[in-house]
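One structure is given here, and the rest of the page talks about it.
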Amino acid sequence: MASENDIKVGVSVSFVYGSERVVGNVKEDRGPIGVGGRRLYLVEFQAEPDFEFKIELPASELDVLHHSLR
């Protein structure tokens with residue numbers, strides 16, 4: 001679990017999507033727009049070949065990757 005201080009635009013993160021752990025990139029800090037003022041992040045990831053998904057997630061659901069998996 002990452003803290004808000006660890007998450008910056010452009011950083012690689014991992015998170016659970018369905019029953020799998022996937023890797024994505026933070027594209028935008030959406031600000032404190034979540035329930036109770038939680039800060040949300042727009043994360044882009046590829047779950048299927050040739051199709052990128054975008055999802056908003058709070059810091060508590062993200063793990064920052066210190067080494068790129070690409």
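Condition first: among the hydroxyl-bearing types (Ser, Thr, Tyr), surrounded by 15 or more Cβ atoms within 10 Å (Cβ to Cβ) and over 11 Å from Glu56 (Cα atoms). Now tell me which residues in region 2-46 satisfy that.
Ser12, Ser14, Tyr17
If you scan region 34-68, which residues turn out to be touching a strand residue (DSSP E or B) at 6+ places or on another chain (Cβ under 9 Å) and in a loop (DSSP other than H, G, I, E, B)?
Selection gives Gly34, Arg38, Arg39, Leu62, Leu65, His66, His67, Ser68.
All but one of (1) in contact with a Leu (Cβ under 8 Å, 6 or more places away or on another chain); (2) part of a loop (DSSP other than H, G, I, E, B) hold for Val23, so report the exception by its number.
That leaves (2) as the condition not met.
What residue, of Ser19, Ser3, Ser14, is on the phi < 0 side of the Ramachandran plot and touching a Lys or Arg at 6+ places or on another chain (Cβ under 9 Å)?
The unique qualifying residue is Ser14.
For the condition under 12 Å from the mean Cα position of the chain (by Cα) and not hydrophobic (A, V, I, L, M, F, W, C), what is the one hit in Arg38, Arg30? Even if it seems obvious, please write down each step before you answer.
Numbers: Arg38 fails: under 12 Å from the mean Cα position of the chain (by Cα).
Going through Arg38, Arg30 in turn, just one is under 12 Å from the mean Cα position of the chain (by Cα) and not hydrophobic (A, V, I, L, M, F, W, C): Arg30.
Bear in mind these aren't lab numbers, they're just calculated from the coordinates by the rules spelled out. Computed from a predicted structure; not experimentally measured. As a convention, Cβ positions derive from the backbone with ideal geometry for all residues, glycine included, and neighbour counts pool all protein chains shown.
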